[in-house]
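Inspection log for the structure reproduced underneath, given as structure tokens.
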Amino acid sequence: MIKLSRRDVMTGTVALTAGTVLAATTTSPVAAAAPPAGRQAPGFYRYKVGSIEITVVTDGVNKFKFGDNHVTNKNREEVNAALAATYYEKDMMTTPYNPVVVNTGSKLVVIDTGTSEANFARSKGAAGQFHVNLAAAGIDRNAIDLVVISHFHGDHINGLLTPDNKLAFPNAEILVPAAEWKYFMDDGEMSRAPAGRMQEVFTNLRRVFDALGRKVTRYDPGTEVAPGITAVATPGHTPGHSSHVVSSGSAKVYIQADVTHVPFLFVRHPDWHAMYDQDGAMAEQTRRKVYDMLAAERMMVQGFHYPFPGLAYVEKAGSGYREIPVPWDPTI
Amino acid sequence: MTALTRRSLFATAAGAAAFLPAMVAPARAAAPPSGKQAPGFYRYKVGDYELTQISDGGRTFPMPDGFVRNVSKEQALAAAEAAYMPKGQVRVPFNPVVVNTGSKLVLIDTGFPPGAVPTAGLCQANLAAAGIDAKAIDIVVLSHLHPDHINGVKTADGALAFPNAEIKAPAPDWAFWMSDDNMSKAANDMMKGYFANTRKVLSDIAGKVTRYEWGKEVAPGITAIEASGHTPGHTAFAVASGSGRVLVQSDVTNIPELFLRNPDWHVAFDVEPDKAVATRRKFYDMAAAEKALIAGFHFAFPSLGYVEKDGTGYRLVPVAWNAAL
């Protein structure tokens, strides 16, 4: 009898040395083996918050070699060590995008839109999946009443447009944070923005909102953007960055947007500054306030850059936090 | 601008909320809620093999007395609550695995038949959602003979659920559960029920069941590993292709929230609890050292993760969902 040993288990050589392949005795009829499917399951997940139904609809994942300043206050070795500790590949950043759809009972609301349908082809299907998974979830984009934008980075707003630059949700009102609009639509701010990535952020958001004739409704923190969905100012990542608390009865979920970027780096290490954080110090301060509250209240967080389905509880762990994914509920 | 305070985070108060007036959407009926979960399957590659984790659903139930035999109920409930389970309850999911080796389509464990349990018995439906035809399954491998692993070999009306498949059961488990002598010595109602269930499900199809031994391949690239204790013939599997590996652990632990964190705890279902603890520690010490990918029947869907040492126990780190193969 073969005993459980590291070598045997890991190499799978047990049978090669021990011999008999029982499969040779199989009684199934001779038939071509079933072909591999080669396709992932549709990426959506449903849960209830009181009487509100939320559907997480993934836009997919972008995996790329990260640059030396990806975490502006940590070097590559430190980032790689954190990746290794969380079972990720060295030198590669894996960034998921997870917009949500909230059915309040009276309004169908999209919060953030992903990287756009045009990106689906560009990324060879790795990202830009939002419209595909929305359809798989049985949600008609024409039925969307409101699109709520958390902030103006491309992975949150580009999905507002179809590949031919039409509004992807033809019957929806577009809601944007007033502070975000004020800052980013200011031509003076644009002229002062550093060349490179920041200039591109300004250029891209103008491309998107100009295609929509700048027809948006601005919202302030503390207001309900839809029944049961309250905006919260969580600045730092961008000047007008907003999160959203969905609440029904005694149940709540905190739709954080980018309070943290990927959790395996920035929840574990809230003092690390992602290159995407426009004001790193303010983003860190916001992060700690929000995460201290989430941990104290045992409140669920929905993270745009958490691995799908992106729903978790948060606990304090050392000088940072740890996200505990909410177990997939097979029935709702 | 509203300052970020706990109070403001929670305030959905109508008083504070100036409801946005400019709703321009045309008047029409609100979209109805779907009320249905997404299909429960998840694909990944192990070398050249394509694997599909299949959710059979799960059960959430009030924690019975003796659920954990060797600690107080208060302690067990505290652990469940710390793991965000509903107060007073435990949540146990069931997740069979399909392995497409390129030459064989293999199902490891079966869940329950449709309709047998209100929130489980979803294996058939999720196989169908995954585009996997039950008739195309070549081999059904059973890790051990507990109901949540074997009952799905039959449909609700008792027919074979995988009519073209060879069924393989671990020889020592078959010998244990089919022994009338052992049945007569069953220590409690739960064990009596298991003996009766094994016979009900497998006796009339015994001729179709091949018994397999540990240390051998049960299908190409799928090796049976002794992991006894949970039951006398309990088996884990190493699925290997090229440089890819996954350990299909079956019930080396029941739910990780309790028994991976506390590997010395005895779940009521462990037939030989001390042996189960020894197997558990050996298995996870090895898996942690090797950073091995593990598929766990009772892990939350998609029931895949890594195990790391944490204090006197272990912690499960679920894999990140891969949105495209």
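In this structure, does B:Phe283 turn out to be touching a residue at least 40 places away in the same chain (Cβ under 8 Å), within 12 Å of chain A (Cβ to nearest Cβ), part of a helix (DSSP H, G or I) and open to solvent by less than 50 Å² (accessible area, probe 1.4 Å)? Explain how you work it out, then say what you get.
On the way: touching a residue at least 40 places away in the same chain (Cβ under 8 Å): yes; within 12 Å of chain A (Cβ to nearest Cβ): yes; part of a helix (DSSP H, G or I): yes; open to solvent by less than 50 Å² (accessible area, probe 1.4 Å): yes.
Spelling it out, B:Phe283 is indeed touching a residue at least 40 places away in the same chain (Cβ under 8 Å), within 12 Å of chain A (Cβ to nearest Cβ), part of a helix (DSSP H, G or I) and open to solvent by less than 50 Å² (accessible area, probe 1.4 Å).
Would you mind stating whether B:Gly244 is open to solvent by 10 Å² or more (accessible area, probe 1.4 Å), touching a Gly at 6+ places or on another chain (Cβ under 7 Å), modelled with pLDDT of 95 or more and more than 8 Å from chain A (Cβ to nearest Cβ)?
yes
Would you mention how many residues in region B:145-180 are acidic (Asp, Glu) and farther than 20 Å from B:Phe112 by Cβ? Step through it out loud before you land on a result.
Here is the first cut: in region B:145-180, the residues acidic (Asp, Glu) are B:148, B:157, B:166, B:173, B:180.
Okay, now just the ones that are also farther than 20 Å from B:Phe112 by Cβ, so B:166, B:180.
Adding up the residues that qualify gives 2.
What number of residues within region A:98-121 satisfy the criterion of being surrounded by 14 or more Cβ atoms within 10 Å (Cβ to Cβ), more than 9 Å from chain B (Cβ to nearest Cβ) and not β-branched (Val, Ile, Thr)?
Qualifying residue count for the region: 9.
Yes or no: A:Gly138 touching a residue at least 40 places away in the same chain (Cβ under 8 Å) and not aromatic (Phe, Trp, Tyr)?
On the way: touching a residue at least 40 places away in the same chain (Cβ under 8 Å): no; not aromatic (Phe, Trp, Tyr): yes.
Spelling it out, it is not the case that A:Gly138 is touching a residue at least 40 places away in the same chain (Cβ under 8 Å) and not aromatic (Phe, Trp, Tyr).
Condition check: touching a helix residue (DSSP H, G or I) at 6+ places or on another chain (Cβ under 7 Å) and either farther than 16 Å from A:Pro270 by Cα or open to solvent by 50 Å² or more (accessible area, probe 1.4 Å) (or both). Does A:Glu297 satisfy that? Outline the logic, then answer.
On the way: touching a helix residue (DSSP H, G or I) at 6+ places or on another chain (Cβ under 7 Å): no; either farther than 16 Å from A:Pro270 by Cα or open to solvent by 50 Å² or more (accessible area, probe 1.4 Å) (or both): yes.
No.
Please enumerate the residues belonging to region B:110-130 that are outside any loop (DSSP other than H, G, I, E, B) and open to solvent by less than 10 Å² (accessible area, probe 1.4 Å).
Kept after step one, since they are outside any loop (DSSP other than H, G, I, E, B), are these residues of region B:110-130: B:120, B:123-129.
Answer for region B:110-130, where residues must be outside any loop (DSSP other than H, G, I, E, B) and open to solvent by less than 10 Å² (accessible area, probe 1.4 Å): B:Ala120, B:Cys123, B:Leu127.
Starting from residues that are of a type in the set (Asp, Glu) and outside any strand (DSSP E or B), keep the ones in region B:159-182 and report whichever is least open to solvent (accessible area, probe 1.4 Å).
B:Asp173
Please give the number of the condition A:Pro263 fails out of (1) open to solvent by less than 10 Å² (accessible area, probe 1.4 Å); (2) free of Cβ contacts under 8 Å to residues at least 60 places away in the same chain.
Checking A:Pro263 against (1) open to solvent by less than 10 Å² (accessible area, probe 1.4 Å); (2) free of Cβ contacts under 8 Å to residues at least 60 places away in the same chain, the one that fails is (2).
Could you list all residues from region A:229-245 that are in a loop (DSSP other than H, G, I, E, B) and either of a type in the set (Gly, Ala, Ser) or over 23 Å from the mean Cα position of the chain (by Cα) (or both)?
A:Gly236, A:Gly240, listed by residue number.
Of the residues that sit in region B:199-220 and are of a type in the set (Val, Ile, Thr) and closer than 17 Å to B:Gly152 by Cβ, which one is farthest from the other protein chains (Cβ to nearest Cβ)?
So the first thing to find is which residues in region B:199-220 are of a type in the set (Val, Ile, Thr), and the list is B:201, B:205, B:209-210, B:218.
Now drop any that are not closer than 17 Å to B:Gly152 by Cβ, which leaves B:201, B:205, B:209.
Details: B:Val201: 19, B:Ile205: 13, B:Val209: 11 Å.
Looking at residues that are of a type in the set (Val, Ile, Thr) and closer than 17 Å to B:Gly152 by Cβ, I get B:Val201.
Open to solvent by 10 Å² or more (accessible area, probe 1.4 Å), out of contact with any Cys (no Cβ under 6 Å at 6 or more places or on another chain) and of a type in the set (Gly, Ala, Ser), is that true of A:Ala226?
Working: open to solvent by 10 Å² or more (accessible area, probe 1.4 Å): no; out of contact with any Cys (no Cβ under 6 Å at 6 or more places or on another chain): yes; of a type in the set (Gly, Ala, Ser): yes.
Answer is no for this residue.
Any residue that is more than 12 Å from chain B (Cβ to nearest Cβ), modelled with pLDDT of 95 or more, part of a strand (DSSP E or B) and under 18 Å from the mean Cα position of the chain (by Cα) - is there at least one of those in region A:263-275?
As a first pass, look at region A:263-275 and keep what is more than 12 Å from chain B (Cβ to nearest Cβ): A:265-267, A:269-275.
Within this subset, residues satisfying the condition of being modelled with pLDDT of 95 or more are A:265-267, A:269-275.
Still in the running and part of a strand (DSSP E or B): A:274.
So of that shortlist, the ones also under 18 Å from the mean Cα position of the chain (by Cα) come out as A:274.
Yes - at least one qualifying residue is present in region A:263-275.
Condition check: in contact with a Lys or Arg (Cβ under 9 Å, 6 or more places away or on another chain) and either of a type in the set (Phe, Trp, Tyr) or modelled with pLDDT of 95 or more (or both). Does B:Glu308 satisfy that? Spell out the reasoning first.
Numbers: in contact with a Lys or Arg (Cβ under 9 Å, 6 or more places away or on another chain): yes; either of a type in the set (Phe, Trp, Tyr) or modelled with pLDDT of 95 or more (or both): yes.
Yes, satisfied.
Which of the residues that make up region A:300-328 are crowded, with 24+ Cβ neighbours inside 10 Å and polar (S, T, N, Q)?
Once the filter is applied, which keeps residues that are crowded, with 24+ Cβ neighbours inside 10 Å and polar (S, T, N, Q), region A:300-328 yields only A:Gln302.
Quick test of your reading of the structure: B:Thr231 fulfils all but one of (1) surrounded by 24 or more Cβ atoms within 10 Å (Cβ to Cβ); (2) at negative phi; (3) among the polar types (S, T, N, Q); (4) within 10 Å of chain A (Cβ to nearest Cβ). Name the failing condition by number.
Evaluating B:Thr231 over (1) surrounded by 24 or more Cβ atoms within 10 Å (Cβ to Cβ); (2) at negative phi; (3) among the polar types (S, T, N, Q); (4) within 10 Å of chain A (Cβ to nearest Cβ) leaves (4) as the failure.
Working only within region A:62-104, note down all residues that are more than 23 Å from A:Gly43 (Cα to Cα), in contact with a strand residue (DSSP E or B) (Cβ under 8 Å, 6 or more places away or on another chain) and not in a strand (DSSP E or B). Quick ask: steps written out before the conclusion?
Filtering region A:62-104 down to residues more than 23 Å from A:Gly43 (Cα to Cα) leaves A:65-85, A:90-91.
Then keep just the ones that are in contact with a strand residue (DSSP E or B) (Cβ under 8 Å, 6 or more places away or on another chain); that gives A:65-66, A:70-72, A:78-79, A:83, A:91.
Correct list: A:Phe66, A:His70, A:Thr72, A:Glu78, A:Val79, A:Leu83, A:Asp91.
Pick from B:Lys73, B:Lys87: which is more than 19 Å from the chain's Cα centre (by Cα) and within 14 Å of chain A (Cβ to nearest Cβ)? Working first, answer last.
Values: B:Lys73 fails: within 14 Å of chain A (Cβ to nearest Cβ).
Only one candidate passes the filter, namely B:Lys87.
When you scan region A:163-228 for helices (runs of 4 or more DSSP H) that lie fully inside it, which ones turn up with 2 or more residues that are within 14 Å of another protein chain (Cβ to nearest Cβ)? Break it down into steps so the answer makes sense when it comes.
Details: elements: A:178-184, A:187-192, A:197-211.
Those helices (runs of 4 or more DSSP H) span A:178-184.
Residues being open to solvent by less than 10 Å² (accessible area, probe 1.4 Å), within 13 Å of chain A (Cβ to nearest Cβ) and in a loop (DSSP other than H, G, I, E, B): count how many of those fall in region B:131-152. Step through it out loud before you land on a result.
Step one: list which residues in region B:131-152 are open to solvent by less than 10 Å² (accessible area, probe 1.4 Å), which gives B:137, B:139-146, B:149-150, B:152.
Then drop every residue that is not within 13 Å of chain A (Cβ to nearest Cβ), which leaves B:137, B:139-141.
Next cut, in a loop (DSSP other than H, G, I, E, B) only: B:137.
Looking only at that region, the number is 1.
For region A:183-222, which residues satisfy the criterion of being of a type in the set (Ser, Thr, Tyr), surrounded by 15 or more Cβ atoms within 10 Å (Cβ to Cβ) and out of contact with any Leu (no Cβ under 9 Å at 6 or more places or on another chain)?
A:Tyr183
Which members of region B:287-305 meet the condition of being open to solvent by 10 Å² or more (accessible area, probe 1.4 Å), under 21 Å from B:Asp264 (Cβ atoms) and either within 9 Å of chain A (Cβ to nearest Cβ) or part of a strand (DSSP E or B) (or both)?
Residue satisfying the conditions is B:Ala289 alone.
The values are calculated or read from the model by the stated rules, or taken from the named source; none is laboratory data. Source: prediction; values computed, not measured. With ideal geometry, Cβ positions are generated from the backbone for all residues, glycine too; neighbour counts draw on all protein chains shown. Areas reflect the complete protein model, heavy atoms only, side chains present, ligands, DNA and RNA absent. Shrake-Rupley method; radii C 1.70, N 1.55, O 1.52, S 1.80 Å.
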